[in-house]
Amino acid sequence: MFFIVCTTIGHASTTVSHHVGLSDQLLDFSDIKVISEDTKVPLEEIAAFLDIPFDLKKGITYIRKNGIEINYNENSKITSKNGVPLDWFPIVKVNGKLFISVNYIAIEMGYKVHDFPKQHTQRIYRDDYGHMSHDDYEIYLNQILNRQTSTLPAKAEEKAKPTIYLTFDDGPNKFTTVNNATLKKYNVQGTFFFVGNYMKKNASIIDSVVKDGHYIGTHSMTHDKEKVYKSAKSFINEMNEGAKLIKQMTGKEAKLVRVPYGSKPDLSAAMQSELLKNSYKLWDWDVDSKDWKYTDKEADQIVKNVKVGIEKSYKSGDRDIIVLLHDRSQTTKALPQIIEWLQKEGYAIKAYEPEHHIVKNFLRDTSL
């Protein structure tokens, strides 16, 4: 016999949600169930996250990896490992969907599991993979989960939509002017990450961006991968020079950076340390529009990528969603549709606010 407790458990006005993390991430599952005090997640989804092959033949689901075979017989409801039936139910079927024990599948596949009881979270990790400490991960968890909890009444919270931050890389250029005009038309603000060498030639564009209330951060001086990531010294010089130029041309501090190509895998620990020493904050993104790979005629695909990415982030409980865009021709074609959809769906759109910094980096470093 087993009993099921749904993902969300109501006790008067208190709601408890269960979560599962992998390394430095918080995973997005369509459903999580607590069965006989054991957290279970959809088998197909955890298999994708852990790269576990499985198949179904004649009513038996097979999981094979690392020389281990686990199977579940739908008729007998028995789980077996290497042909030996287990005396408990690590795999169960609920409403036509297979769920598997987080503890069981993680340990069988060579992972460890750490419990965070206050956050109702289990973290799957491996010591041979780089990851933040459990103490730092708990800080990260609190930041993420606290954003999901509002002081609004329950009904209002259900209707509340996240805040969207539209960010634009690789300007300033002529397409910056078009994107800026679009933002102004729809009365929303964005965040621009400018390349220093392009700034020198486009003072009038920068003046317009500042005048219209957008935030400008640095995207390095050269955007040359070999130069930027050559050493910790060359890296911080690129950031410092870019921030200094923004200050000179706009009169505003620029302590938010986006490093070329994102912070993983090229940003080293030494470079990370330099950012901290110089009081910088680091933004990557939640949603990649992949606008760089499309033509003007394929702008609809950019819109689709943004919609799908935002809806996935919203579903996972993210309350602050950063969208990666670029100052390019195809992006200028997609931007009006993106903004119209966001406004129609009830999302708020904001520029970066230094006084209300949001941790959003692939390193999961809460100090950046």
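Values in this text are rule-based calculations from the coordinates and carry no lab data. These figures come from a predicted structure and were not determined experimentally. All Cβ positions, glycine included, derive from the backbone under ideal geometry; neighbour counts span all protein chains shown.
Net length available on complete extension from Ser80 to His356 is 94.2 nm, with 0.36 nm assigned per residue and the Cα-Cα distance removed.
The Lys184 and Lys312 beta-carbon pair, evaluated with R₀ = 25 Å, returns a calculated FRET efficiency of approximately 0.30.
Only beta bridges with both residues in the stretch 4-152 are counted; by DSSP, about 90 percent of them are antiparallel. The DSSP beta bridges internal to the chain are antiparallel in roughly 60% of cases.
Calculated FRET efficiency, Ile139 to Glu44, Cβ-Cβ distance, R0 = 35 Å: about 0.65 to the nearest 0.05. Using alpha carbons only, the radius of gyration of the chain set against its Kirkwood radius gives Rg/Rh = 1.03.
Candidate cross-link partners of Lys81 among the lysines, defined by an alpha-carbon separation under 25 Å and a same-chain spacing of 8 or more, comprise Lys33, Lys40, Lys57, Lys58, Lys65, Lys93, Lys97, Lys112.
The share of C-alpha pairs in the stretch 163-356 whose separation exceeds 30 Å stands at 16 percent. Note on the stretch 4-152: Kirkwood radius taken over Cα pairs, Stokes-Einstein applied at 25 °C and 0.890 mPa s, translational D equal to 149 µm² s⁻¹.
Ordering Trp292, Trp88, Trp283 by the number of other Cβ atoms within 10 Å of each residue's own Cβ, fewest first, gives Trp88, Trp292, Trp283. Using the Cβ-Cβ distance between Lys344 and Ser204 with R0 = 41 Å, the FRET efficiency computed as 1/(1 + (r/R0)^6) comes to roughly 0.80. Put a plus charge on the Cβ of each Lys and Arg, a minus charge on the Cβ of each Asp and Glu, and nothing anywhere else: the dipole of the chain about its Cα centre is then about 760 debye. Remark: the Asn197-Asp31 segment gains 55.0 nm on full extension, using 0.36 nm per residue and subtracting the alpha carbon distance.
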